Amino acid sequence: MALIATRRSVMTLFSAPLCAQSHRVRIVLAEKDITVDIINIDLDDKPEDLSDLNPYNSVPTLVDRDLALYGPQVISEYLDERFPHPPLMPVDPVSRAAARLALYRIERDWYALAEEAEAGNGMKLPAKSRKILLESLVASADVFAIKPFFLSDEFSLVDCAILPILWRLPAYGVAPKDIPKPIEDYAKRLFSRPSFKLSLTEAERELRS
């Protein structure tokens, strides 16, 4: 966490047009209908003030008045607590811990591969990484069929984290025919949410154009 000297009257999100981690925060913002100034930056030419706000000089970075936050999960939980309606995390400790555990696994298993894709030329993953991702999806397929949302009857931060990965699967080189049907059905249903549509940048839309 960093404090900044210059006060901003509007919440600001430093984001990148194709960054999956930025996308998950944009979904939270859209779901809660939060007024925000989104600054889409070029990761190869970052603005100087980003490093003043965030010692890791990374996106997403959120500025809310005198407060600067970085790390997508930190930002997402802050937004959920600051704007509690609709709630995106369970109230009871056991369910909340289960959601955080799911988020931890998604971060470790899927976002590491997303960062690999974003670091390469284009978005396509190497064959080995595609195989790892697909095997992980297949292993988790049955879980997507249990409830309307991921392990929940309500849309949550876990869904916000999953959707950017599923949206990028074709760009990663994962063939639609290889995606398990429960995941395909889940994705189609949630991609139709108004908040998800609002969260997309033009560059992200083009991934599936």
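The values are calculated or read from the model by the stated rules, or taken from the named source; none is laboratory data. Not measured: the values here are computed from a predicted model. Ideal geometry is used to build each Cβ from the backbone, glycine not excepted, and the neighbour counts take in all protein chains shown.
When only residues in the range 80-120 that are aromatic (Phe, Trp, Tyr) and under 19 Å from Pro170 (Cβ atoms) count, which is surrounded by the fewest Cβ atoms within 10 Å (Cβ to Cβ)?
Checked the range 80-120; the qualifying residue surrounded by the fewest Cβ atoms within 10 Å (Cβ to Cβ) is Tyr111.
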Query raised in the report: What is the residue count in the range 121-135 for residues that are surrounded by 15 or more Cβ atoms within 10 Å (Cβ to Cβ) and under 18 Å from Gln21 (Cα atoms)?
Result: 4
Query raised in the report: What number of residues within the range 47-68 satisfy the criterion of being surrounded by 17 or more Cβ atoms within 10 Å (Cβ to Cβ) and either under 14 Å from Arg26 (Cα atoms) or out of contact with any Ser or Thr (no Cβ under 7 Å at 6 or more places or on another chain) (or both)?
Result: 7
Report task. Determine whether the range 147-167 contains at least one residue that is touching a residue at least 60 places away in the same chain (Cβ under 8 Å) and over 28 Å from Pro86 (Cβ atoms). Result -> no
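So which of Arg100, Arg130, Arg96 is in a helix (DSSP H, G or I) and farther than 24 Å from Phe83 by Cβ?
Details: Arg100 fails: farther than 24 Å from Phe83 by Cβ; Arg96 fails: farther than 24 Å from Phe83 by Cβ.
None of the others qualify; the one that does is Arg130.
For every residue, the table says whether it meets (1) assigned by TED's automatic domain parsing to the domain that holds Glu31; (2) part of a helix (DSSP H, G or I); (3) closer than 20 Å to Pro17 by Cα; (4) polar (S, T, N, Q).
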| site | (1), (2), (3), (4) |
| --- | --- |
| Val138 | no, yes, no, no |
| Val143 | no, yes, no, no |
| Phe155 | no, no, no, no |
| Val158 | no, yes, no, no |
| Leu163 | no, yes, yes, no |
| Leu166 | no, yes, yes, no |
| Val174 | no, no, no, no |
| Lys177 | no, yes, no, no |
| Ala187 | no, yes, no, no |
Report summary line: Arg208 meets each of (1) surrounded by fewer than 20 Cβ atoms within 10 Å (Cβ to Cβ); (2) modelled with pLDDT of 95 or more; (3) not assigned by TED's automatic domain parsing to the domain that holds Arg100 with one exception, condition (2)
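Considering only residues that are of a type in the set (A, V, I, L, M) and at pLDDT below 95, look in the range 118-136 and name the one that is farthest from Pro176 (Cα to Cα).
Step one: list which residues in the range 118-136 are of a type in the set (A, V, I, L, M), which gives 119, 123, 125, 127, 132-134.
Next, only the ones that are at pLDDT below 95 stay: 119, 123.
Working: Ala119: 23, Met123: 16 Å.
The selected residue is Ala119.
Going by what's in this entry, would Leu79 be described as in a helix (DSSP H, G or I), farther than 27 Å from Ser58 by Cα and not charged (D, E, K, R)? Full working, then the answer.
Values: in a helix (DSSP H, G or I): yes; farther than 27 Å from Ser58 by Cα: no; not charged (D, E, K, R): yes.
No.
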Report summary line: Contact list, first residue from the range 20-48 and in contact (Cβ under 8 Å) with a residue 60 or more places away in the chain and in the same structural domain as Ser76 (by TED's automatic domain parsing), second anywhere and assigned to a strand (DSSP E or B) and not aliphatic (A, V, I, L, M), beta-carbon distance below 7 Å, six or more apart or interchain, is Arg26/Ser15; Asn40/Ser15
Report summary line: Just one listed residue, out of Leu125, Leu69, Leu88, is assigned by TED's automatic domain parsing to the domain that holds Leu18 and outside any helix (DSSP H, G or I), and it is Leu69
